[in-house]
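Student: Once you've had a glance at the structure underneath, I'll fire off some questions.
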Amino acid sequence: MREVMLIESVEQAGALLSPLRMEILKLAGEPRTCTEFAESLGESPQKIYYHVKVLERAGAIEKVEERRVRAISEGLYRAAARSYWLSPKLLGQIGGCLAQEGHDGIPSLGFSAQVHLAGPEERAAFLHEVQEAIQSIATKYGAIDLPHREADETPCSFRLILACYPRSEGRGAP
(Lines give C-alpha, C1' and ligand atoms only; values in the text may rest on other atoms or scores of the structure.)
Protein backbone atom coordinates (compact mmCIF):
# COMPACT_ATOMS: atom_id res chain seq x y z
CA MET A 1 0.00 0.00 0.00
CA ARG A 2 1.35 3.41 -0.99
CA GLU A 3 1.43 6.30 1.46
CA VAL A 4 -0.16 8.79 -0.97
CA MET A 5 -2.07 8.42 -4.22
CA LEU A 6 -2.25 11.55 -6.35
CA ILE A 7 -5.66 11.89 -8.00
CA GLU A 8 -5.01 13.32 -11.45
CA SER A 9 -8.25 12.83 -13.41
CA VAL A 10 -11.78 14.12 -12.98
CA GLU A 11 -13.01 10.53 -13.26
CA GLN A 12 -10.82 9.42 -10.34
CA ALA A 13 -11.94 12.39 -8.26
CA GLY A 14 -15.58 11.64 -9.05
CA ALA A 15 -15.11 8.07 -7.85
CA LEU A 16 -13.64 9.26 -4.56
CA LEU A 17 -16.02 12.13 -3.87
CA SER A 18 -18.85 9.96 -2.57
CA PRO A 19 -19.54 9.66 1.17
CA LEU A 20 -20.15 5.89 0.96
CA ARG A 21 -17.00 5.30 -1.08
CA MET A 22 -15.00 7.35 1.41
CA GLU A 23 -16.38 5.15 4.21
CA ILE A 24 -15.35 2.06 2.25
CA LEU A 25 -11.83 3.46 1.87
CA LYS A 26 -11.64 4.18 5.60
CA LEU A 27 -12.35 0.51 6.28
CA ALA A 28 -10.06 -0.76 3.52
CA GLY A 29 -6.77 -0.44 5.39
CA GLU A 30 -6.90 -4.22 5.79
CA PRO A 31 -8.22 -6.58 3.12
CA ARG A 32 -11.99 -7.10 3.35
CA THR A 33 -14.72 -8.66 1.27
CA CYS A 34 -17.73 -6.74 0.02
CA THR A 35 -19.82 -8.67 2.54
CA GLU A 36 -17.56 -7.48 5.37
CA PHE A 37 -17.74 -3.87 4.17
CA ALA A 38 -21.53 -4.20 3.90
CA GLU A 39 -21.88 -5.53 7.46
CA SER A 40 -19.73 -2.71 8.85
CA LEU A 41 -21.63 -0.04 6.93
CA GLY A 42 -25.16 -1.42 7.23
CA GLU A 43 -25.58 -1.72 3.46
CA SER A 44 -26.30 -4.60 1.10
CA PRO A 45 -23.33 -6.50 -0.33
CA GLN A 46 -24.61 -5.76 -3.85
CA LYS A 47 -24.56 -2.01 -3.24
CA ILE A 48 -21.07 -2.20 -1.75
CA TYR A 49 -19.85 -4.37 -4.64
CA TYR A 50 -20.95 -1.67 -7.10
CA HIS A 51 -19.07 1.05 -5.19
CA VAL A 52 -15.98 -1.13 -4.70
CA LYS A 53 -15.85 -1.71 -8.47
CA VAL A 54 -16.04 2.06 -9.09
CA LEU A 55 -13.15 2.56 -6.66
CA GLU A 56 -11.21 -0.30 -8.27
CA ARG A 57 -11.60 1.21 -11.78
CA ALA A 58 -10.31 4.52 -10.36
CA GLY A 59 -7.28 2.74 -8.91
CA ALA A 60 -8.19 3.71 -5.33
CA ILE A 61 -8.81 0.16 -4.15
CA GLU A 62 -7.17 -3.11 -5.21
CA LYS A 63 -8.26 -6.73 -5.24
CA VAL A 64 -5.50 -8.43 -3.25
CA GLU A 65 -6.90 -11.95 -3.09
CA GLU A 66 -9.71 -14.09 -4.39
CA ARG A 67 -11.14 -17.09 -2.56
CA ARG A 68 -13.91 -19.61 -3.11
CA VAL A 69 -16.74 -19.64 -0.60
CA ARG A 70 -19.40 -22.30 -1.25
CA ALA A 71 -18.66 -22.38 -4.98
CA ILE A 72 -18.69 -18.55 -5.23
CA SER A 73 -15.59 -16.45 -5.89
CA GLU A 74 -15.16 -13.72 -3.31
CA GLY A 75 -12.61 -10.92 -3.66
CA LEU A 76 -10.71 -9.28 -0.84
CA TYR A 77 -10.10 -5.59 -1.42
CA ARG A 78 -7.66 -3.16 0.17
CA ALA A 79 -7.12 0.58 -0.26
CA ALA A 80 -4.36 1.40 -2.74
CA ALA A 81 -3.00 4.17 -0.49
CA ARG A 82 -3.19 5.52 3.04
CA SER A 83 -4.21 8.98 1.80
CA TYR A 84 -5.48 10.50 -1.43
CA TRP A 85 -4.52 13.96 -2.67
CA LEU A 86 -6.09 15.97 -5.48
CA SER A 87 -3.60 17.23 -8.05
CA PRO A 88 -3.42 21.05 -8.12
CA LYS A 89 -4.10 20.92 -11.88
CA LEU A 90 -7.26 18.90 -11.25
CA LEU A 91 -8.67 21.35 -8.73
CA GLY A 92 -9.30 23.91 -11.47
CA GLN A 93 -11.25 21.36 -13.50
CA ILE A 94 -13.45 20.41 -10.54
CA GLY A 95 -13.98 23.90 -9.15
CA GLY A 96 -13.30 26.11 -12.15
CA CYS A 97 -15.88 28.74 -11.24
CA LEU A 98 -14.14 29.31 -7.90
CA ALA A 99 -10.50 29.04 -8.94
CA GLN A 100 -8.31 31.89 -10.07
CA GLU A 101 -5.80 31.71 -12.93
CA GLY A 102 -2.43 30.51 -11.68
CA HIS A 103 1.05 31.49 -12.95
CA ASP A 104 0.99 28.78 -15.61
CA GLY A 105 -2.52 29.65 -16.83
CA ILE A 106 -4.11 26.66 -15.07
CA PRO A 107 -6.98 27.53 -12.72
CA SER A 108 -5.96 26.50 -9.23
CA LEU A 109 -6.90 26.88 -5.61
CA GLY A 110 -4.94 25.38 -2.79
CA PHE A 111 -3.86 25.81 0.78
CA SER A 112 -1.19 24.12 2.79
CA ALA A 113 0.33 24.98 6.15
CA GLN A 114 2.39 23.28 8.77
CA VAL A 115 1.32 24.04 12.34
CA HIS A 116 3.37 23.34 15.46
CA LEU A 117 1.36 22.94 18.68
CA ALA A 118 3.34 22.86 21.92
CA GLY A 119 0.87 21.19 24.25
CA PRO A 120 -2.75 20.46 25.18
CA GLU A 121 -3.65 24.10 25.81
CA GLU A 122 -2.27 25.22 22.47
CA ARG A 123 -4.03 22.30 20.69
CA ALA A 124 -7.33 23.29 22.32
CA ALA A 125 -6.87 26.94 21.31
CA PHE A 126 -6.00 25.90 17.74
CA LEU A 127 -9.10 23.69 17.51
CA HIS A 128 -11.29 26.52 18.82
CA GLU A 129 -9.88 29.01 16.28
CA VAL A 130 -10.32 26.55 13.39
CA GLN A 131 -13.93 25.88 14.44
CA GLU A 132 -14.67 29.61 14.59
CA ALA A 133 -13.08 30.25 11.18
CA ILE A 134 -14.96 27.44 9.46
CA GLN A 135 -18.26 28.46 11.08
CA SER A 136 -17.71 32.07 10.02
CA ILE A 137 -17.06 31.06 6.39
CA ALA A 138 -19.99 28.62 6.34
CA THR A 139 -22.35 31.18 7.88
CA LYS A 140 -21.27 33.93 5.48
CA TYR A 141 -21.73 31.76 2.41
CA GLY A 142 -24.95 30.06 3.37
CA ALA A 143 -24.17 26.73 4.98
CA ILE A 144 -25.22 27.42 8.58
CA ASP A 145 -28.38 29.09 9.92
CA LEU A 146 -29.48 30.45 6.55
CA PRO A 147 -32.51 28.32 5.64
CA HIS A 148 -33.70 30.90 3.09
CA ARG A 149 -30.70 30.22 0.84
CA GLU A 150 -30.94 27.10 -1.31
CA ALA A 151 -27.72 25.19 -2.09
CA ASP A 152 -28.45 25.28 -5.83
CA GLU A 153 -29.39 28.97 -5.86
CA THR A 154 -25.95 30.04 -7.10
CA PRO A 155 -24.09 28.75 -10.16
CA CYS A 156 -21.32 27.26 -7.99
CA SER A 157 -21.72 25.13 -4.92
CA PHE A 158 -18.78 23.68 -2.96
CA ARG A 159 -18.16 21.45 0.03
CA LEU A 160 -15.37 22.75 2.26
CA ILE A 161 -13.29 20.08 3.97
CA LEU A 162 -10.43 20.67 6.39
CA ALA A 163 -8.04 17.86 7.24
CA CYS A 164 -5.45 18.01 9.98
CA TYR A 165 -3.12 15.08 10.46
CA PRO A 166 0.15 14.50 12.32
CA ARG A 167 3.17 14.99 10.13
CA SER A 168 5.29 11.85 10.04
CA GLU A 169 8.89 12.92 9.75
CA GLY A 170 11.03 10.52 7.80
CA ARG A 171 8.07 8.77 6.08
CA GLY A 172 8.01 11.10 3.10
CA ALA A 173 4.80 12.82 4.19
CA PRO A 174 3.77 15.75 2.00
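The values are calculated or read from the model by the stated rules, or taken from the named source; none is laboratory data. Nothing here was measured: the structure is a model prediction, and the numbers come from that model. Because the Cβ atoms are built from the backbone with ideal geometry, glycine has one as well, and the counts that use them run over all protein chains shown.
Student: Which members of segment 28-48 meet the condition of being surrounded by fewer than 17 Cβ atoms within 10 Å (Cβ to Cβ) and not charged (D, E, K, R)?
Tutor: Selection gives 29, 31, 35, 40, 41, 42, 44, 45, 46.
Student: Among what's in segment 1-43 and is part of a helix (DSSP H, G or I), more than 11 Å from the chain's Cα centre (by Cα) and of a type in the set (D, E, K, R), pick the residue that is nearest to residue 65 (Cα to Cα).
Tutor: Per the criteria, the residue is 36.
Student: While we're on this one: What are the pairs, 6+ residues apart or on separate chains, where a residue within segment 15-42 that is not assigned by TED's automatic domain parsing to the domain that holds residue 75 has its Cβ under 7 Å from a residue that is among the hydrophobic types (A, V, I, L, M, F, W, C) and buried (at least 16 other Cβ atoms within 10 Å of the Cβ)?
Tutor: none
Let's see how each residue does on (1) assigned to a loop (DSSP other than H, G, I, E, B); (2) within 16 Å of residue 18 (Cβ to Cβ); (3) modelled with pLDDT under 90; (4) in contact with a strand residue (DSSP E or B) (Cβ under 9 Å, 6 or more places away or on another chain):
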residue	(1), (2), (3), (4)
47	no, yes, no, no
56	no, yes, no, yes
73	no, no, yes, yes
89	no, no, yes, yes
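Student: Restricting to segment 6-22, and then to whatever is of a type outside the set (Gly, Ala, Ser) and closer than 24 Å to residue 41 by Cα, can you tell me which residue is surrounded by the fewest Cβ atoms within 10 Å (Cβ to Cβ)?
Tutor: The extreme case among them is 19.
Student: Just need a number here: residues in segment 44-82 that are touching a residue at least 40 places away in the same chain (Cβ under 8 Å) and more than 20 Å from the chain's Cα centre (by Cα).
Tutor: Qualifying residue count for the region: 3.
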